[in-house]
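Below is one structure, written out as structure tokens; comments come after it.
The values are calculated or read from the model by the stated rules, or taken from the named source; none is laboratory data. As the structure is a computational prediction, the values presented were derived from the model and not from experiment. In this analysis, Cβ positions are derived from the backbone assuming ideal geometry, glycine residues included, and neighbour counts consider all displayed protein chains.
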Amino acid sequence: MERPMTGPEPFSAPVRGGDLAGGQWRADATGTPVLAIHGITASHRAWHHVAAALPDRRIAAPDLRGRGRSADLPGPWSLRDHADDQLRVLDALGIERAFVVGHSMGAFVTVRLAASHPDRVAGVVLVDGGLPIPHPEGLDPEQVAAAVLGPAIARLEMRFADHAAYADFWKAHPAIGPAWDERVADYVAYDLVGSEPELRSSSVAEAVAQNVLELDGGDGYLDDLLGLPAPVDFLRAERGMLDQPEGLYPAERVAATAERMPALRVTEVAELNHYTIVMTDAGAARVAAVVAPRLAEADAAASVGTR
């Protein structure tokens, strides 16, 4: 049964070049707060379902630089820049330590943040992201984004006559359309900027293209990942970005990473795709089933530390 939708309260945090926007649920909740970091062309509204599945927790979710209401912040937009921005978010919200959950590219930002500021991170969960994704062979850098993201990057160059046209675009998406509900509708509406009939996605194509090139694990990223303290939970969606049978992460690639990374704990999430693993009640329940016990452990550790 779908839970009633409760919208997040907006916040802003001073960062390089301006203010980073975001939203948080239950700012007055006790216990270890959650910092939720969205994917490569998404926004904080992608976390509606997960926030509802963790009803007793403070959930703070930023719009990454170059996306959502943070779209106007200047580049560069590297994973390290995003991680620095997350530190500023924690400072602005008065959060000393957060449990960090990242989806898709947000999981890569999670790794960078945890590696660079371990004192501010109580633990991490990576949701269908964060493990290196090799670039397709034989492609120029400008071709990589289209090959990896497909329609997700193509839509950034599209223009829409009105909100209904953008909703229709997403309703026809094979991975998202069948999961359409009021939370997904809100996520889609929030992404639009500009004026009719030239509405467009808020995500900055240049920022997205820069980040796609970083997903292969270069620039010391793989060392950051392998160096994270145990446990590192990774949830793998069985199905892919277009709801195709093969997920973004083939099982054999995840297994190969796990062999190199004893700290990695893999949870297979059957039947759900790269989007529905966070943007449905069913997916959010699977994420919460992993996150909730980790939060309890973080609470217990914090309690011992204050005695």
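Checking the structure you have, find out if any residue of segment 166-176 is surrounded by 17 or more Cβ atoms within 10 Å (Cβ to Cβ), touching a strand residue (DSSP E or B) at 6+ places or on another chain (Cβ under 8 Å) and either among the acidic types (Asp, Glu) or within 21 Å of Pro33 (Cα to Cα) (or both).
No, segment 166-176 contains no residue that is surrounded by 17 or more Cβ atoms within 10 Å (Cβ to Cβ), touching a strand residue (DSSP E or B) at 6+ places or on another chain (Cβ under 8 Å) and either among the acidic types (Asp, Glu) or within 21 Å of Pro33 (Cα to Cα) (or both).
Looking for whichever is of a type in the set (A, V, I, L, M) and either more than 15 Å from the chain's Cα centre (by Cα) or part of a strand (DSSP E or B) (or both) here; the options are Val278, Val287, Val266. Which one fits? Let's see the steps before the verdict.
Values: Val278 fails: either more than 15 Å from the chain's Cα centre (by Cα) or part of a strand (DSSP E or B) (or both); Val287 fails: either more than 15 Å from the chain's Cα centre (by Cα) or part of a strand (DSSP E or B) (or both).
Selected residue: Val266, the only one of Val278, Val287, Val266 that is of a type in the set (A, V, I, L, M) and either more than 15 Å from the chain's Cα centre (by Cα) or part of a strand (DSSP E or B) (or both).
Which of (1) assigned to a helix (DSSP H, G or I); (2) of a type in the set (Gly, Ala, Ser); (3) more than 20 Å from the chain's Cα centre (by Cα); (4) at pLDDT below 95 does Gly138 not meet, given it meets every other one?
Status for Gly138: all satisfied but (1).
Which of (1) hydrophobic (A, V, I, L, M, F, W, C); (2) surrounded by fewer than 15 Cβ atoms within 10 Å (Cβ to Cβ); (3) in contact (Cβ under 8 Å) with a residue 12 or more places away in the chain; (4) within 27 Å of His135 (Cα to Cα) does Ala255 not meet, given it meets every other one?
Going through (1) hydrophobic (A, V, I, L, M, F, W, C); (2) surrounded by fewer than 15 Cβ atoms within 10 Å (Cβ to Cβ); (3) in contact (Cβ under 8 Å) with a residue 12 or more places away in the chain; (4) within 27 Å of His135 (Cα to Cα) one by one, Ala255 breaks only (3).
Only one residue in Ala230, Ala207 is in a loop (DSSP other than H, G, I, E, B) and either touching a strand residue (DSSP E or B) at 6+ places or on another chain (Cβ under 9 Å) or more than 21 Å from Ala172 (Cβ to Cβ) (or both), so which one is that? Give the steps one after another, and end with the answer.
Details: Ala207 fails: in a loop (DSSP other than H, G, I, E, B).
Criteria check complete, one pass: Ala230.
In segment 193-214, how many are aliphatic (A, V, I, L, M), touching a helix residue (DSSP H, G or I) at 6+ places or on another chain (Cβ under 9 Å) and farther than 23 Å from Ala161 by Cα?
Qualifying residue count, segment 193-214: 4.
For Asp56, which of the numbered conditions (1) within 22 Å of Glu214 (Cα to Cα); (2) assigned to a loop (DSSP other than H, G, I, E, B) fails to hold?
(1)
Which of the residues spanning segment 95-120 are farther than 28 Å from Glu238 by Cβ and either polar (S, T, N, Q) or buried (at least 17 other Cβ atoms within 10 Å of the Cβ) (or both)?
Here is the first cut: in segment 95-120, the ones farther than 28 Å from Glu238 by Cβ are 95-98, 115-120.
Scanning segment 95-120 gives Ile95, Arg97, Ala98, Ala115, Ser116, Arg120.
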